[in-house]
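Reviewing the structure listed below.
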Amino acid sequence: MTDGTETKASEPAATHPPVPAIGLTLLTGIVSAIIALVIFAWLANDALRGEIWLFDNQLRAEIYKYSSPALTYFMGNITALGSGPVLTPLTACIALIFVLVGWRRSAILLAVTMLGVVLLNVMLKLSFQRARPTPFFGIPAPETYSFPSGHALASFCFYSMLAVLITIHIRSLALRILIWATAVLLIAVVGFSRIYLGIHYPSDVLAGYSAAMVWVVVVIFGGRLLRRR
């Protein structure tokens, strides 16, 4: 007997095509890259028009007020951590270490990141051709253009990518936080040193960071796509 309702044979559950799983970290990176791209475009537009000149020079003057011989010595040395003569051998050594410990993909990603930095730096500087500010403390002005800051671009790409590639192999949350905190500190100090020494406008440094964020996300996302193939 039935209770007056017909029972239908159970039907197989409807199937749907799988949705590609995108990690929260990657999704956050993509959103961050979009925001960074917008910031870079805004800075570039204002730099070309000269609209950000007042902000740049006011901030430069304010920072210069707090200069001292000891701080100038420190900044003059710490700024080298974003330079080609330091980052090039560092990249080669760390990439070799990655290969020796079996992290070949990490070595490739680091190398691709820093090769891209060289190309980006040249192309962007030639595209905008912003003249350098007059450096402080009698430092000779570099012969290259000012926008964006190559040191800010290179330090952001190197130290952030290095933090990514190392922390993916580490389970300890405390150690991961320490590595990221160190990376962020180095990036910030190198960028600040360029402003302190008067070699760059503040907007140059911010633009370097923005361009770097976009490039790092592109490399990471590209690496993941290639890994799935």
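Restricting attention to segment 135-148, and to residues there that are of a type outside the set (Asp, Glu) and without any contact (Cβ under 8 Å) to a residue 60 or more places away in the chain, which single residue is surrounded by the most Cβ atoms within 10 Å (Cβ to Cβ)?
In the first step, residues of segment 135-148 are kept if they are of a type outside the set (Asp, Glu); the result is 135-142, 144-148.
Pick out the ones that are also without any contact (Cβ under 8 Å) to a residue 60 or more places away in the chain and you get 138, 140-142, 144-146.
Details: GLY138: 5, PRO140: 7, ALA141: 13, PRO142: 13, THR144: 11, TYR145: 19, SER146: 23.
The qualifying residue surrounded by the most Cβ atoms within 10 Å (Cβ to Cβ) is SER146.
Of the helices (runs of 4 or more DSSP H) lying entirely inside segment 128-229, the ones with 1 or more residues being more than 22 Å from VAL112 (Cβ to Cβ), of a type in the set (D, E, K, R) and touching a Phe, Trp or Tyr at 6+ places or on another chain (Cβ under 7 Å) are found at 202-228. Taking the criterion of being within 24 Å of SER67 (Cβ to Cβ), surrounded by 13 or more Cβ atoms within 10 Å (Cβ to Cβ) and among the small types (Gly, Ala, Ser), would at least one residue in segment 172-190 satisfy it? Yes, that holds for at least one residue.
Only residues that are touching a residue at least 12 places away in the same chain (Cβ under 8 Å) and out of contact with any His (no Cβ under 9 Å at 6 or more places or on another chain) were counted in segment 120-134, giving 10. Residues in segment 87-107 that are within 17 Å of the chain's Cα centre (by Cα) and of a type in the set (Val, Ile, Thr): 2 in all. Of all residues being farther than 16 Å from ALA154 by Cα and aromatic (Phe, Trp, Tyr) in segment 199-229, which is surrounded by the fewest Cβ atoms within 10 Å (Cβ to Cβ)? Just the residue, please. If we take residues in segment 199-229 being farther than 16 Å from ALA154 by Cα and aromatic (Phe, Trp, Tyr), then PHE221 is surrounded by the fewest Cβ atoms within 10 Å (Cβ to Cβ).
Taking the listed residues MET123, MET75, the one that is over 16 Å from the mean Cα position of the chain (by Cα), closer than 14 Å to GLY208 by Cα, in a helix (DSSP H, G or I) and not hydroxyl-bearing (Ser, Thr, Tyr) is MET123, with no other qualifying.
Could you list, in sequence order, the residues of segment 175-204 that are closer than 30 Å to ARG105 by Cα, touching a His at 6+ places or on another chain (Cβ under 9 Å) and of a type in the set (Val, Ile, Thr)? Explain how you work it out, then say what you get.
Filtering segment 175-204 for residues closer than 30 Å to ARG105 by Cα gives 175-191.
Among the residues that remain, those that are also touching a His at 6+ places or on another chain (Cβ under 9 Å) are: 190-191.
The one that is closer than 30 Å to ARG105 by Cα, touching a His at 6+ places or on another chain (Cβ under 9 Å) and of a type in the set (Val, Ile, Thr): VAL190.
Tell me, which residue of segment 85-99 that is in contact with a helix residue (DSSP H, G or I) (Cβ under 7 Å, 6 or more places away or on another chain) and of a type outside the set (A, V, I, L, M) is farthest from ILE195 (Cα to Cα)? Checking each candidate, the answer is PHE98.
Given ARG49, ARG60, which one is more than 25 Å from LEU186 (Cα to Cα), among the charged types (D, E, K, R) and either touching a residue at least 24 places away in the same chain (Cβ under 8 Å) or surrounded by fewer than 11 Cβ atoms within 10 Å (Cβ to Cβ) (or both)?
Testing whether each residue is more than 25 Å from LEU186 (Cα to Cα), among the charged types (D, E, K, R) and either touching a residue at least 24 places away in the same chain (Cβ under 8 Å) or surrounded by fewer than 11 Cβ atoms within 10 Å (Cβ to Cβ) (or both) leaves just ARG49.
List every residue pair whose Cβ atoms sit under 6 Å apart, with the two residues 6 or more apart in sequence or on different chains, where the first one lies in segment 93-114 and is farther than 22 Å from VAL217 by Cα and the second, anywhere, is buried (at least 16 other Cβ atoms within 10 Å of the Cβ). Every condition considered, the pairs that remain are VAL99/ALA107. For SER83, are the conditions met, namely being surrounded by 13 or more Cβ atoms within 10 Å (Cβ to Cβ), under 21 Å from GLY222 (Cα atoms) and among the hydroxyl-bearing types (Ser, Thr, Tyr)? Here the answer is no, as SER83 does not meet what is asked. Among the conditions (1) assigned to a helix (DSSP H, G or I); (2) touching a residue at least 60 places away in the same chain (Cβ under 8 Å), the only one that SER67 does not satisfy is (1).
Here ALA92 fulfils each of the conditions (1) over 20 Å from TRP215 (Cα atoms); (2) surrounded by fewer than 16 Cβ atoms within 10 Å (Cβ to Cβ) apart from (1).
Computed from the coordinates by the stated procedures, all read-outs in this text should not be read as laboratory data. Every value quoted in this text rests on a predicted model; they were computed, and no experiment measured them. FYI the Cβ positions are ideal-geometry reconstructions off the backbone, even for glycines, and counts take in every protein chain you see.
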